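Reading through the structure tokens given below for one structure.
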Amino acid sequence: MTFYDELTSDGRNGERMVLVERGADRAVVTLDDPAKLNTLSAPLVLQLKAALEELVADRAIRAIVLTGADPGFSAGGDLRMMEGAPAALAAPEGATDIWRWIGYEFGGIARLIARSDTAFIAAINGPAAGVGLAWALTCDLAIASERARLVPAFGRLGLLPEVGTSWAITRRLGYQGAFAYYAAGEHLDAEQARQLGLVHEVVPHEQLLEAADAWCTRIAALPAHAIAMTKPLLRAAADASWENALAMEEFAEPQCFTTSAFQEIVGEMLRSGPVPPSA
């Protein structure tokens, strides 16, 4: 049995570590191993991936809130699991088996967040480190409680920014800011993270899920196609030239004109009186 097979086998036999609360058009997914600060063990990762796959396949679910059971969001990867990595190198698969876990599971969850039509809101309730931090930064929106801490633990462990973190922090902080964030390894509190643009807003801890739910309500109020089409457009624009971004918008916008949602909204606006300047 390979290292990857062992991890997936152990993960499937673990106790429940992910909670899912469904609403009519939204869901809250909670990493639930608080005694270990929601460390990303094999069971937690596999359960999270399965839960998110099911939710994003449900077109009624417009937004998903990702959070952790107090006192932390996630301490990142399981160090015990990482400790077994050198032994895996002696196997015929070598480092490729570790690559499979990082790419299929850690990276698989990041790709689910980024590529689905569903809006993802990270509700960062405490320390967020490693891959847990990467997932939070991948979400479409990040809200932090006053107890949140962004922990760049990569450098002191001799690791690199992972699972999309290098992409996220470079675009928010610029090259030198991202390098300094990595090299210094200093924890950022919630307000520092907001000032740097790593989170959108900071709220009192007891209001965190309420604030996330308010964003779910805003998203649910929009026509379904609007978020589904705008999300990939904005993500692609981060790496596109101005000309390419303009072209993507020009191809996407006419499709929106043809939807019944657009026609109904415009018809109601025209029936209710003069169209405001912002329309």
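Observations on the model:
- Neighbour-limited loop hits for GluC sites (Glu not before Pro), region 182-216 (at most 13 other Cβ within 10 Å; DSSP other than H, G, I, E, B): E186
- Taking amide H as placed 1.01 Å from N in the peptide plane, the amide H of G164 sits under 5 Å from none that are at least 5 places away or on another chain.
- Among the GluC sites (Glu not before Pro) in region 11-77, those placed in a DSSP loop whose Cβ has at most 10 other Cβ atoms within 10 Å are E15.
Readers should treat all values here as calculations from the given coordinates under stated rules, not as data from a laboratory. Please read all numbers here as calculations on a predicted model, not as lab measurements. Glycine also receives a Cβ, built like all others from the backbone with ideal geometry; neighbour counts cover every protein chain displayed.
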